[in-house]
């Protein structure tokens, strides 16, 4: 497993790069705005679902708002995930592992998106979800996928980064909640070390640490990649300046939580495939800093 280490010294916090032995083979985008909303829970089960979610919300001092099981908010992850899987399979790729990454829980109890993805896949596919780390969750999913692909140059993994734009219960003020339904798929292939993806992570950072960490990342990127590079920063990353005339700094689209910087990466891959791209995210409440970089050369 490739990780990064944090150390404090005369120049502040240092975040050292590690390489993940994987290659980015493709990326895919999906929105639920035009998709039909299938009914995944029969009407006769609605009362039981309402009771279950009502009890769960009340245990946290929150209020549950019942919505019919056929409404899009109840099936967002299912539709996003299956749409992305279809796009990946259209390339003729065999998918060995599927890792879902999202900041909010799937609000449809009794329906397993992972199980349905396995059923829809060809061959022996494993699927599971990662959550509870807000906007930095996809970076954990990326590391897990790399671990599964380690030593298997022919292996394929699909990381599905998902944002659900509505929850049927109240959340504490200041909790980041996506304002739309978006999915990004990252198709990864196994590769021999040192691999094509650089990765950084550190915990316990304040905002000043996070700003310095971006500078550390830039230093590592310039050692690894030549030519133009674009930094895509997440909403939690403090304002930074990268002193490099050949480097562009932009923000991921506002509104989404998990998918913001990965949407930026996908857009760069389509419009500027011959540059390095760096996605950076920081969660102030968790003190968690993550970044990943790769060349976007079309494969």
- prompt: Could the peptides 118-128, 220-230, 141-151 be put in order, highest first, of the mean number of other beta-carbon atoms found within 10 Å of their residues?
  reply: 141-151, 220-230, 118-128
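Calculate the translational D of the stretch 145-299 in whole µm² s⁻¹ from Stokes-Einstein, where the hydrodynamic radius comes from the Kirkwood formula applied to all Cα pairs, the temperature is 25 °C and the viscosity 0.890 mPa s.
On the way: Rh = 16.6 Å.
This corresponds to a translational diffusion coefficient of 148 µm²/s.
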message: Contact order normalised by length for the stretch 100-230, with contacts defined as Cα pairs under 8 Å and 6 or more residues apart; what percent is it?
response: 23
- prompt: Modelled label-to-label distance, residue 128 and residue 55, 7 Å Cα→beta-carbon offset: nm?
  reply: 2.7
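Starting from the exponent 0.38 and prefactor 2.2 Å, build the expected Rg for the stretch 108-222 from its residue count and divide its actual Cα Rg by it. Mind showing how you got there, number by number?
On the way: Rg = 17.2 Å, N = 115, 2.2 N^0.38 = 13.4 Å.
After normalising by residue count via 2.2 N^0.38 Å, the value is 1.29.
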- request: Set the Förster radius R0 to 41 Å, insert the Cβ-Cβ distance between residue 203 and residue 271 as r into 1/(1 + (r/R0)^6), and round the FRET efficiency to 0.05.
  value: 0.75
- prompt: According to a simple spin-label model (label point 7 Å from Cα along Cα-to-Cβ), what is the distance in nm between residue 246 and residue 175?
  reply: 4.6
task: Please sort 286-293, 211-218 by packing, taking for each peptide the average over its residues of neighbouring beta carbons within 10 angstrom, highest first.
output: 286-293, 211-218
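Multiplying the sequence separation of residue 65 and residue 31 by 0.36 nm and subtracting their Cα-Cα distance, what value in nm do you get? Before the final figure, lay out the partial values.
Details: separation 34, 0.36 × 34 = 12.24 nm, distance 2.39 nm.
This chain segment gains 9.9 nm when fully extended.
Determine the relative contact order of the stretch 158-299: mean sequence separation of Cα pairs under 8 Å and six or more apart, normalised by residue count, in whole percent.
So the answer I get is 29 percent.
Every number here is computed from the coordinates shown, using simple stated rules; none is lab data. Quick caveat, the model's predicted, so the values are computed rather than measured. In this analysis, Cβ positions are derived from the backbone assuming ideal geometry, glycine residues included, and neighbour counts consider all displayed protein chains.
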